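Peer 1: Okay, handing you the structure first.
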Amino acid sequence: MSKFNPGRSSQRMSNGLKSGLTLAAVGALGGATGYWISQNAIEQPRPAAPVAAESAPPPAAVILEADAAHALPRMERRRGQLRRNSTLIETLEDLGADAADAYYALHALYDTELIDPRRTPAGLELEAVFQTSEAGDTLVAVTLKPDAERSLIATRTPEGGYLGAELKAKLSTDVRRVAGTIETSLYDKSRALGAGDQQVVDFAQIFAYDIDFQREVHPGDKFEIVYEALVDERGRQISSGNVLYAELDGKALTRGFYRFQPEDDRLVDYFDRSGKSATRFLMKTPINGARISSSFGRRRHPISGYTRLHKGTDFAAPTGTPIYAAGNGVVERASRYGGYGHYIRIRHANGYKTAYAHLSRYARGLRSGKRVRQGDVIGYVGSTGASTGPHLHYEVIKNGEHVNAMRLKLPTGRTLEGDVLERFDDARRAIDRHRLDLGAEIEIAAAPQAATATQ
């Protein structure tokens, strides 16, 4: 490693010009990203300003005209990405930074606790600004982007050290809408229209109690998703937020749900126009993105060859796909169980139990006696036990008898009433106004007089 000299400076530039270059680099990086410097990001003292000469120096343009030999070095941006089993210092060195410069620039960020060097993931992007000259390249600034909403920057001081700062995006919430007719799949169509993966997952979870997306969604069915998006000053989406409204108009079901958080229990849920919750006692499919590979009923077992009752529903999915608790309850068992392999059984209210078999592994901390909530990740798809391939074997047991989960009529969740229903109606009409502004052909109806179920 070359020796680091905090007082090192270019022979061709005054400290004042170097400071100007550093500020220009910060401005260029900040302007390119639409970020602003946090007011409390830097706790380190700034260097003292250089002593002014007896007469003000001529402008830079004049210097360039007067003596081309003293022209300012060229500024150059270089981008890199943190590789697996590598370090940020090594990545900066690969971009051309001096080893000492890379060390002190990154430690300007570490010292302000803006980033933990032990938790920098592979793939993290870096952008470095160098001033290049015949004497060599000097690292002027380095920017890291640990998440979508902020960037971290270390800039070179006139004395040759570095100062760390946090640049935060000026974000605002925008409401967006995608709607269309399914051609091949809901995922393909919604993504083509601009929705993100998270919106599709949220949509599927909202309707998980009512429909099997593999068998009951067909080409020609219509859908609508209204969701929040965090955008920067240029209108570019930085991240996506909550789904505000979800609607499916198809052969199997026609229904729409609004996001609402009742003040009495503070539990966010989705409700139809009448105030009836989308949530049911148990989820119909406790897994996303899977297809039914074997249904409940008598069949010839693929391994033993015997014809017997298949007591659950099999969902084929890649190994590692998350599995969710179908309802609130207490874990009775989370261990290997004969041909079921890695197995979980949960006890719910009203005499119901659910079971999940052939898992590759359990969720962290899951054990017998643990209380879980509906939608919690409890394990991951695998092929342990008597299994011919990765899938989830899902069972519903009512009062000791196995029942077909796909045909089970389950109790519904909450129905809003009174003052809570009135507040929901206000929230519903606000969402409908967004839908109307975004092109939905609807009428904003008055509040219903009573909560009645509609299908």
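Peer 1: P(r) for the stretch 329-455, please, calculated from all Cα pair distances in 5 Å bins and given in %.
Peer 2: 2, 9, 14, 14, 12, 9, 8, 10, 11, 7, 3, 0
Peer 1: Ok, one more. Mind checking which lysines have their Cα closer than 20 Å to the Cα of residue 222? Skip sequence neighbours fewer than 8 apart in that chain.
Peer 2: 189, 251
Peer 1: Can you give the Rg to Rh ratio of the stretch 115-258, both from alpha-carbon atoms, with Rh computed by the Kirkwood formula? Present the calculation step by step, with values, prior to reporting the outcome.
Peer 2: Values: Rg = 22.4 Å, Rh = 18.6 Å.
Expressed as Rg/Rh, it is 1.20.
Peer 1: Using the alpha-carbon centroid of each, what span in Å lies between the stretch 353-384 and the stretch 184-261?
Peer 2: 26
Peer 1: What aspartates and glutamates sit close enough to residue 311 to cross-link, taking a C-alpha to C-alpha distance under 12 Å and skipping anything fewer than 8 places away on the same chain?
Peer 2: Hits, sequence-local ones excluded: 395, 401.
Peer 1: So what does log10 I(q)/I(0) come out to for the stretch 154-204 at q = 0.17 Å⁻¹, using the Debye formula with one equal point on every Cα and no solvent?
Peer 2: -0.64
Peer 1: Report in % the part of the accessible area of the stretch 63-186 that belongs to carbon and sulfur, leaving out ligands and nucleic acids; probe 1.4 Å.
Peer 2: Working: 2750 of 6210 Å².
Carbon plus sulfur share of accessible area: 44 percent.
Peer 1: Follow-up question, since we're still on this one. Once you wrap a convex hull around the alpha carbon atoms of the stretch 196-262, what is its projected area averaged over all directions, in nm²? Numbers along the way, then the final one.
Peer 2: Working: hull surface 22.4 nm².
Quarter of the Cα hull surface area: 5.6 nm².
Peer 1: Quick one: order 444, 238, 378 from most to least accessible surface, probe 1.4 Å.
Peer 2: 444, 238, 378
Peer 1: Moving on to the next point. Cβ neighbours within 10 Å, averaged per peptide: list 260-273, 114-127, 84-97 in order, most packed at the top. Write down the numbers at each step before the final one.
Peer 2: Working: 260-273: 15.1, 114-127: 13.1, 84-97: 16.6.
Highest-to-lowest ranking by the protection proxy: 84-97, 260-273, 114-127.
Peer 1: Whole-Hz ³J(HN,Hα) for each residue in the stretch 386-394, computed from phi via Karplus 6.51 cos²θ - 1.76 cosθ + 1.60 with θ = phi - 60°, x for glycine and proline: what do you get?
Peer 2: Values, residue by residue: 7, 9, 9, x, x, 6, 9, 9, 10 Hz.
Peer 1: Within 11 Å, Cβ to Cβ, of residue 253, how many net charges do the neighbouring residues add up to if Lys/Arg are +1 and Asp/Glu are -1?
Peer 2: Taking every Cβ under 11 Å from that of residue 253, the sum is -4.
Peer 1: Something else: Could you list which residues have their amide H under 5 Å from that of residue 140, counting only those 5 or more apart in sequence or on another chain, with H placed in the peptide plane?
Peer 2: Amide H neighbours of residue 140, under 5 Å, 5+ apart: 129, 130, 131.
Peer 1: Another question about this same structure. What lysines does residue 168 reach when the alpha-carbon gap must be under 30 Å and sequence neighbours fewer than 8 apart in one chain are set aside?
Peer 2: 18, 145
Peer 1: OK, next. Need one value: the accessible area of residue 75 in square angstrom, 1.4 angstrom probe, rounded to the nearest 10.
Peer 2: 70
Peer 1: Keeping all protein chains in place and using 1.4 angstrom, which order do 159, 113, 401, 395 fall into by accessible surface area, from largest down?
Peer 2: Largest to smallest exposure gives the sequence 113, 401, 159, 395.
Peer 1: What accessible area per residue comes out for the stretch 307-455, rounded to a whole number of Å², with a 1.4 Å probe? Can you show the working numbers first?
Peer 2: Details: 7750 Å² over 149 residues.
Here the residues of the stretch 307-455 average 52 Å² of exposed surface.
Peer 1: Scan the stretch 374-444 for trypsin sites (Lys or Arg not before Pro) in coil per DSSP, keeping those whose Cβ has at most 10 other Cβ atoms within 10 Å, and list them by number.
Peer 2: Values: sites: 398, 407, 409, 414, 423, 428, 429, 433, 435; in loops: 409, 414.
Counting only loop positions with at most 10 other Cβ atoms within 10 Å, the trypsin sites (Lys or Arg not before Pro) in the stretch 374-444 are 409.
Peer 1: Here's a follow-up. Report ³J(HN,Hα) in whole Hz for each residue of the stretch 98-104, in order, from the Karplus equation J = 6.51 cos²θ - 1.76 cosθ + 1.60 where θ = phi - 60°; Gly and Pro get x.
Peer 2: Listing the rounded values in order: 4, 4, 5, 4, 4, 4, 6 Hz.
The values are calculated or read from the model by the stated rules, or taken from the named source; none is laboratory data. What you are looking at is a predicted structure, and each value in this text was computed from that prediction instead of being measured. With ideal geometry, Cβ positions are generated from the backbone for all residues, glycine too; neighbour counts draw on all protein chains shown. To get the accessible areas, we keep the full protein, side chains included, count just its heavy atoms, and leave off ligands, DNA and RNA. Shrake-Rupley method; radii C 1.70, N 1.55, O 1.52, S 1.80 Å.
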